[in-house]
Structures are given as C-alpha cells and as structure tokens.
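There's a structure below that I have some questions on.
Taken together, the values in this text are just the output of simple stated rules run on the coordinates, not laboratory data. This structure is a prediction, so every number in the text was calculated from the model and none was measured. Because the Cβ atoms are built from the backbone with ideal geometry, glycine has one as well, and the counts that use them run over all protein chains shown.
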C-alpha cells in the first residue's frame, strides 16, 4: 500500500457579487428553500469552480436533503439519478437496505466518460464491512467498480480495466473516497484527499452500461447491494493528487456547513 498526502492550495475565497453563483441558483430554484442548504450549495459550487473542478464533473449528486426527489437532482445539471428499492433519505444521508435499494445514475459509461481520464468520488458516513460494489461490469473484459471495505476489511477497485483489483487493508469505510485513472497504465485510490494506493492496471475499454451506486450494474441487472450511509456522489474526469485533495476540501466544507 502506498500512503501519501495531497497538498492543497489555499481555499478559494467565496464571492458571489451580492448573489448566488448562477449554477448554484439554478439548482436552488428547483426547490431548495432552506437558507442553510442554499448557502451550502452555493459555497460548494463556488469552491469547485475556484479549484477548477466544476468543468471536470459529469455528475454531482448531493444526497443531503432528506427528500428522495431532491436527492435525485444533479447539481451539475447534466443528468438526474433514479432511486430504486427501499432507500432511506434521512439525517442528510441516503442509506441502502442491503437487499434491493440502489441508485441508477442514468449515465452510460460508454457515452459520457473518457477511457483514460475518469473517476468517481463519494463520502461514506458509516464504517461497516460489506460484500458489494458500486459501478458496472460487463462480465467479459472491462470493469468500473469499487468497494471501499469488503467483509475482510480490504478495498477493491477497477477503473476501465480487467484487473488486478487488488485487496489492501482499509481500517474504516468512513471517509471521502476518490477512485481515478489519469492514464492507460495505472489507477489510484485517494481517501480523505490523500493517496492511499496506486495499482498498475492497463485500461481495456469503457462499458456500454449505466453506472449504478450502492450496487453494481451486472451486465444490465443490479447486484450486491450496499447498506451503508452516503451523502454525495461525483462522477468526474481523472484527478491528480492536488485535485483529489481539493475535491475532498470542497465537500468537507459542504458537510461542515450542514452540521455533519
């Protein structure tokens, strides 16, 4: 396991010229009425833009509204998600039931992402182990899946490759994760904005499948459901160490603003 630390520049100053950022306001106008939530959304968007990350994001799902409809909305205004099964929306988290609840991002990997510049990030609020995966697998050559901590206390992940998935120790599921690929030769995992592992694995192909969250798309059907808590999901381009650290910082401020 390779352990490192991303170094972030100073956090950008939030300035809105007397009003909200226009992209934040577009999201707020869909029905976010709570002033604290409005402020948190605006700060998140401004921070992401200040870190030059906004344009790198394909989908941003803040699961913090205790409301299924609002939690399905994509902050980046590209593609809303769909919830299936017995998903709980409370405490500013979504929680799966481990049997049939999952999120369909409604984003097809093949048409949206880049083979060698892609990644996914999310915040997990619980620490339990689980045999499950997020993402998709075509069952033949390529996989885009991850599990921050399985039943043996290890993490596993693929990013447009067929392996190796690797199994490295992870003491707790709780934290902000980024699984990313920046080139054709290796993939990386960050936790809390710091490099956790680099794994040599040649990219193979993208998947003509929708990407799922809290289960994986097993060649068209959901499989291995999660039962942990999550309060954000981001599908993005490949991120380097500084960008991964900055993404963690932006969502850390977001959670703090909401009292998490």
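If we sort 192-205, 44-57 on the protection proxy, mean other Cβ atoms within 10 Å, highest first, what's the order?
The packing order, highest mean first, is 44-57, 192-205.
What value, in deg cm²/dmol to 500, does the helix sum -39500 (n - 2.57) over DSSP H runs of n ≥ 4 give at 222 nm once divided by the residues of the chain?
-5500 deg cm²/dmol
Roughly what would the spin-label model give for residue 84 and residue 240, points 7 Å off Cα along C-beta, in nm?
3.9
Specify the inter-centroid distance of the stretch 226-256 and the stretch 124-191, based on alpha-carbon positions, in whole Å.
15
Which FRET efficiency value, to the nearest 0.05, is calculated for residue 69 and residue 25 with the Förster distance at 22 angstrom and r the Cβ-Cβ distance?
0.70
A further question on this structure: What distance in nm separates the simple spin-label points at residue 219 and residue 77, each placed 7 Å from Cα in the Cβ direction?
Going from the residue 219 label point to the residue 77 one covers 4.0 nm.
Relative contact order (percent) for the stretch 57-248, with alpha-carbon contacts under 8 angstrom and 6 or more residues of separation?
30
Another one. Could you work out the Rg to Rh ratio of the chain, with Rh taken as the Kirkwood radius (inverse of the mean 1/r over all Cα pairs)?
Computed over Cα atoms, the ratio is 0.94.
Pop a pseudo-label 7 angstrom from the Cα along the beta-carbon direction at both residue 227 and residue 106 and give the gap in nm to one decimal.
Label at residue 227, label at residue 106, 3.0 nm between them.
Next question, about the same structure. Can you give the alpha-carbon Rg of the stretch 122-227 over 2.2 N^0.38 Å, where N counts its residues?
The value comes to 0.99.
Continuing with the same structure: Listed highest first by mean packing, meaning other Cβ atoms within 10 Å per residue, what order do 76-82, 247-253 come in?
247-253, 76-82
Averaging the inverse of every distinct alpha carbon separation and then flipping it gives the Kirkwood radius. What is it for the stretch 15-84, in angstrom units?
Roughly 12.4 Å, rounded to one decimal.
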